[in-house]
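Engineer: Have a look at this one.
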Amino acid sequence: MIALLRYQTGLLLGSHRWLPPVLLYAGFLVVGVGAGSPVLDAFAFAAAALLPLTVWLTRVCVTNEPPAARSCVATAAGPARAHLAAVLTAALVALPPALAGTAFVALFSDPRSNDHRVAVDLLPATACGLAAAVVCLLLGTAVGAVCNRPVLHGTALPVCAGLLGCVVLVVPALSPASAVVRGLVAGSMSGTAAMPWLPLGAAIPLSAGLVAAVCHLAARRG
Amino acid sequence: MRLDGVGRRYGVRGPWVVRGVDLDLPQRALVRVEGANGSGKSTLLRLCAGIDRPTTGRIRGRPRTAYVPERFPPALPFTALGYLTHLGRVHGLRGPAAARAAGVWLERFGAAGHAGTPLSALSKGTSQKVAVAQALLAAPELLVLDEAWTGLDAAARGELDRAVAERVADGATVLFVDHDPRRLAGAADACHRIADGRLRPAPQPSDAADRPAEAGPRVTVHAEPPGAGGELPGELPGRPVTVREPDGTARLTVPAAYSDALLRALLTARPPWHIRTVAAPAGPRSESPAGGCGAVPDAGEPDGGTAALGAVPEGSAPRAATGPAPAGSASPAVTSPAGTEGGSR
């Protein structure tokens, strides 16, 4: 698996296709998180901005290889493992931007509540922001995996499904990503940072299950 | 490895591409699959390689497998050596061993000069060499070749023939498709034809030695046993047609692709045999393979070296023949055991 991850990472970094999603994420942060914005609001925004980043990166990773090259790797490692490596590479490559975004928010936002009256402890707030980033990273990767090959083929359908997936993750209260973002926004009102244990606990098995199902399908469909 | 009642269709209501395939792929076998365009050859090969899973039936006992696609895309952001090193690791080699094997295989296919070239800058033929090297560098137990010879130059085609023979001699299974009926002619252990999605045994010149015209280029090795009347080692590569001379020596005739593997087996046998001569068969037989292939513009590939070897006068000083005989375009690995063998005697 290490060899596959190295290969996929080399492929992704060498193809430079990681650049547009990462630039989009950076742009979101710069525009959305001005200096002096309330820290928990800013963490909520930074976490939500990870969703399009990870969905896009996952699409890049699973479609990066030409079919013949994919066949060579799938023969050597098995199609399911080859696909899993591509998805994991997307999550791993999204990790440095996610950490950088969290650090950016921690450094440049105002550690106070929404109305700038109640002071917020920066350390627990950063821990909450990091947990929210992990939840969004996992779910974004899983949704990216579900919206692309081998489930949906072509370009138009996967891209539209990915966009829709981002919206679906943020809007309803059921999604763990939405829960962490809402939790942070609510915390920002009162100036208290509550660790999002429940969404974190839900996001890990949910995304693992989705990715496992997609990899199983990759072995069936090729 | 065995395929039992394997069928494959794409989509729930799609037509069956292949159906009811029972196929035995034993170890140490070279298996050819024939069929018209679109008959399902590639699908069958992808099933055997494990890229696709059968819709019905099952495949059991797939060993470590490598696959060569028909067209290898150059659109990967690696150099040739970098890509092969990555793939070597994916195939299970350790880092330094992967890089070494990558260099060796590029060298064997005459692409060592392109090791540092980005894949996107390679010609079609050179990127096909990379595809072939990718499959061979970890010595797979099952090698699946989907028209892997397409786009290779004559020297590389001959080298691939020999590499295939080497894998089979090492006990691996090689499954291949090629549109050239002379490809490894007479060397295949089994031949199957796919038509209407069904797989049937194809007529195969199994007793190829009797019909040299169909057998493809062949090479005869005249070898001397280590002691008086020594028995030949069992399981010689290429199932040689053996004639024992009254003086105890043996004349072994194999498909040209197997000549190196046969020499290696004889020279590394314990105790080692002594090679007297290596030659294309004398008499009318030598006409058909050499002449038949020479008449075709792009041929002369596997027997380019061996036809020249026919000029080695039989019965000339045996020790002298040992050195130059397997050389020519043959791999250096053959000459080196010959050297050690000569020195040890």
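Engineer: Do you know the relative contact order of chain A, to the nearest whole percent, from alpha carbon pairs under 8 angstrom that are 6+ apart?
Structural biologist: Over chain A, the number comes to 29 percent.
Engineer: Give me the percent of the accessible area of the protein assembly as shown that comes from carbon and sulfur atoms, probe 1.4 Å, all protein chains in place.
Structural biologist: Exposed carbon and sulfur together represent 63 percent of the surface.
Engineer: Any chance you could run the full-extension gain for B:Lys124 through B:Asp4? It's 0.36 nm times the residue separation minus the Cα-Cα distance, nm to one decimal.
Structural biologist: Full-extension gain reported as 39.5 nm.
Engineer: Mind checking A:62-73 for the average number of partner chain beta-carbons within 10 Å of each residue's beta-carbon?
Structural biologist: 6
Engineer: For the interface of A with B, what's the total buried accessible surface in square angstrom, probe 1.4 angstrom, rounded to the nearest hundred?
Structural biologist: 2000 Å²
Engineer: As I understand it, the dipole of the protein assembly as shown uses +1 on the Cβ of Lys and Arg and -1 on the Cβ of Asp and Glu, about the Cα centre. Which of B:Cys48, B:Ala99, A:Leu130 lies farthest toward its positive end?
Structural biologist: Value: A:Leu130.
Engineer: Does the protein assembly as shown classify as rounded, prolate or oblate by the C-alpha gyration tensor (a ≥ b ≥ c root eigenvalues; a/c under 1.5 gives rounded; else a/b over b/c gives prolate, otherwise oblate)?
Structural biologist: prolate
Engineer: If you don't mind, there's one more thing I want to ask. Could you please tell me the mean projected area of the C-alpha convex hull for the stretch A:25-123, averaged over all directions and given in square nanometres to one decimal?
Structural biologist: Across all orientations, the stretch A:25-123 yields a mean hull projection of 7.2 nm².
Engineer: When the helices in the protein assembly as shown are scored as -39500 (n - 2.57) per DSSP H run of 4 or longer and the sum is shared across all residues, what 222 nm value do you end up with, to the nearest 500 deg cm²/dmol?
Structural biologist: Rounded to the nearest 500, it is -15500 deg cm²/dmol.
Engineer: Along the charge dipole of the stretch A:2-221, pointing to its positive end and built from +1/-1 on Cβ of Lys, Arg, Asp and Glu, which listed residue (A:Pro199, A:Cys166, A:Asn64) has its Cα farthest out?
Structural biologist: A:Asn64
Engineer: What's the magnitude of the charge dipole for the protein assembly as shown around its Cα centre, counting Lys and Arg as +1 and Asp and Glu as -1 at the beta-carbon? Answer in Debye, nearest 20.
Structural biologist: My answer is approximately 1100 debye.
Engineer: If you count, for each residue, the other Cβ atoms within 10 Å and average over each peptide, how do B:2-15, B:111-124, B:263-276, A:34-47 line up from highest to lowest?
Structural biologist: A:34-47, B:263-276, B:111-124, B:2-15
Engineer: A follow-up question, please. Once the piece of chain linking A:Ser190 and A:Val170 is laid out straight, how much longer is it, given 0.36 nm per residue of separation minus the C-alpha distance between them?
Structural biologist: Once the chain is fully extended between A:Ser190 and A:Val170, it gains 5.0 nm.
Engineer: What is the dipole size for the stretch B:2-201, taken about its Cα centre, with +1 at each Lys and Arg Cβ and -1 at each Asp and Glu Cβ, in debye to the nearest 20?
Structural biologist: Charge dipole of the stretch B:2-201: 580 debye, to the nearest 20.
Engineer: Which residues' amide hydrogens lie under 5 Å from the amide hydrogen of B:Arg193, considering only partners 5 or more residues apart or on another chain, with H built in the peptide plane?
Structural biologist: Sorted by chain and number, the residues that satisfy this are B:Glu34, B:Arg200, B:Ala202.
Engineer: On to the next question. Might you report the magnitude of the Cβ-based charge dipole of the stretch B:100-199 about its Cα centre, with Lys and Arg at +1 and Asp and Glu at -1, to the nearest 20 debye?
Structural biologist: That gives the stretch B:100-199 a dipole magnitude of about 140 debye.
Engineer: Might you tell me the accessible area per residue for the stretch B:2-201, computed with a 1.4 Å probe and given in Å²?
Structural biologist: With all protein chains present, the stretch B:2-201 gives 38 Å² per residue.
Engineer: Hey, for a label at B:Arg100 modelled as a point 7 Å past Cα toward Cβ, could you say which residues of the stretch B:143-172 have their backbone N under 20 Å away?
Structural biologist: Under cut-off, by backbone N: B:167.
Engineer: Also, quick follow-up: Semi-axes of the equivalent ellipsoid of the stretch B:2-201: what are they in whole Å, largest first, if each equals the square root of 5 times a C-alpha gyration tensor eigenvalue?
Structural biologist: Semi-axes (√(5λ), whole Å): 29, 17, 17.
The values are calculated or read from the model by the stated rules, or taken from the named source; none is laboratory data. Note that the coordinates shown come from a computational prediction; the quantities given were computed from them, not determined experimentally. Cβ atoms come from the backbone with ideal geometry, glycine included; neighbour counts cover every protein chain shown. What goes into the accessible areas is simple: the full protein's heavy atoms, side chains included, and nothing from ligands, DNA or RNA. Shrake-Rupley method; radii C 1.70, N 1.55, O 1.52, S 1.80 Å.
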